[in-house]
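The values are calculated or read from the model by the stated rules, or taken from the named source; none is laboratory data. Note that the structure is a prediction, hence the values are computed from the model and not measured. Using ideal geometry, Cβ is built from the backbone for each residue, glycine included, and neighbour counts are taken over all protein chains shown. These accessible areas exclude ligands, DNA and RNA; they are computed on the full protein's heavy atoms, side chains included. Shrake-Rupley method; radii C 1.70, N 1.55, O 1.52, S 1.80 Å.
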Amino acid sequence: MDSCVIPLRHGGLSLVQITDFFYPLVEDPYMMGRIACANVLSDLYAMGITECDNMLMLLSVSQSMNEEEREKVTPLMIKGFRDAAEEGGTAVTGGQTVVNPWIIIGGVATVVCQPNEFIMPDNAVVGDVLVLTKPLGTQVAANAHQWLDNPERWNKIKMVVSREEVELAYQEAMFNMATLNRTAAGLMHTFNAHAATDITGFGILGHSQNLAKQQRNEVSFVIHNLPIIAKMAAISKASGRFGLLQGTSAETSGGLLICLPREQAARFCSEIKSSKYGEGHQAWIVGIVEKGNPTARIIDKPRVIEVLPRGATAAALAPDNSNASSEPSS
């Protein structure tokens, strides 16, 4: 699943470790560093682990960049990664940097912990509900932002979205990807979570299916609601790409998908939005756990919840917001 868990020889402790790396997908080097760090830590958070003992950074600098570009971009990426690690209560103590055809950034996160500090992702029971802690649509937002300068691509989507809406969605996606899942990880213990995973490259459906296969009980996951950054569902349909409404669109540094007891889920969603955890945390009930084969599916016409970007006014997106949120096309 998300992390390796290795029982150690000493005192009932376990080593939990994860590595992750990828290519840049936003234009801001500092934010890219933050996103990369958040993405690495997210696999620990998916197991309810809130403390990380150590991080290493993996960085490859592109040989196609000139010296001036390297001297500007590289320190910003490193600073973003280090700042996010510090926000997560840990520090970067080493790593490896190489020159490569492509820019790559990522890292290794390591923690030694007691069994009660992590939640194994295999205990979902019939009647649980599925909660998601970040909206979907990051890949669509990042691509649509690139298409602003590509007339051929832009012409396919300009009837369903404005340039301003693309900019706002891109900023929202960037902010969400850089937000740590640490608060959600802590609340998994408070509200008795039975299993969780984070939503990344396989999309919500792929990761739901992977999580379902891990369960010890005979359960299946059924997703009814899809919280999506506003207008991204329309872009996905108009472009004929991504498969956002089918749950196959890749996400980067997405939210946690958590199996919670039904009576706890609404309280979890309310608590995570509390101002005491800072701004930007959200959560939605997106599905249920039923008896059945170990798989996951999205219903034919899922309800799309249009998530307004910060800085967007409700009026600006109102004309088709009401339709999209209640009766989307599959």
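General observations
- Some residue of the range 237-248 being β-branched (V, I, T), open to solvent by 10 Å² or more (accessible area, probe 1.4 Å) and farther than 30 Å from G89 by Cβ: yes
- The condition of being of a type in the set (A, V, I, L, M, F, W, C), touching a strand residue (DSSP E or B) at 6+ places or on another chain (Cβ under 8 Å) and free of Cβ contacts under 8 Å to residues at least 40 places away in the same chain holds for only one of V108, V112, V98, V140, that being V98.
- Looking only at residues in the range 180-204 that are open to solvent by 30 Å² or more (accessible area, probe 1.4 Å) and under 21 Å from A144 (Cα atoms), the one that is nearest to the chain's Cα centre (by Cα) is G201.
- Which listed residue is of a type in the set (G, A, S), at negative phi and more than 16 Å from the chain's Cα centre (by Cα), from S208, S220: S220
- Against the criterion of being at pLDDT 95 or above, surrounded by 17 or more Cβ atoms within 10 Å (Cβ to Cβ), closer than 28 Å to R9 by Cβ and of a type outside the set (D, E), V108 qualifies.
- Odd one out for D149, checked against (1) within 24 Å of E27 (Cα to Cα); (2) of a type outside the set (F, W, Y); (3) touching a residue at least 40 places away in the same chain (Cβ under 8 Å); (4) not in a helix (DSSP H, G or I): (3)
- Filter result for the condition that a residue is within 21 Å of G201 (Cβ to Cβ) and in a helix (DSSP H, G or I), over A238, A233, A265, A250: A233
- Residues being surrounded by 20 or more Cβ atoms within 10 Å (Cβ to Cβ) and among the small types (G, A, S) - total across the range 143-164: 1
- Test: residue in the range 213-222 that is touching a Cys at 6+ places or on another chain (Cβ under 6 Å), surrounded by 19 or more Cβ atoms within 10 Å (Cβ to Cβ), assigned to a strand (DSSP E or B) and modelled with pLDDT of 95 or more: no
- Test: residue in the range 169-179 that is open to solvent by 10 Å² or more (accessible area, probe 1.4 Å), more than 21 Å from D43 (Cβ to Cβ), modelled with pLDDT of 95 or more and not polar (S, T, N, Q): yes
- Of all residue pairs spaced 6 or more apart or on separate chains, those with beta-carbon atoms under 7 Å, a first member in the range 50-72 that is without any contact (Cβ under 8 Å) to a residue 24 or more places away in the chain and a second member that is assigned to a strand (DSSP E or B) and surrounded by 15 or more Cβ atoms within 10 Å (Cβ to Cβ) are R70/V61.
- T90 vs. criteria at negative phi, in contact with a helix residue (DSSP H, G or I) (Cβ under 9 Å, 6 or more places away or on another chain), of a type in the set (V, I, T) and open to solvent by 10 Å² or more (accessible area, probe 1.4 Å): yes
- Just so you know, in the range 266-304 the residues that are of a type in the set (A, V, I, L, M, F, W, C), surrounded by 22 or more Cβ atoms within 10 Å (Cβ to Cβ) and within 20 Å of the chain's Cα centre (by Cα) include one that is nearest to T190 (Cα to Cα), and it is F268.
- Answer from G48, G33 - the residue that is open to solvent by less than 10 Å² (accessible area, probe 1.4 Å), within 21 Å of F118 (Cα to Cα), at pLDDT 95 or above and not aliphatic (A, V, I, L, M): G48
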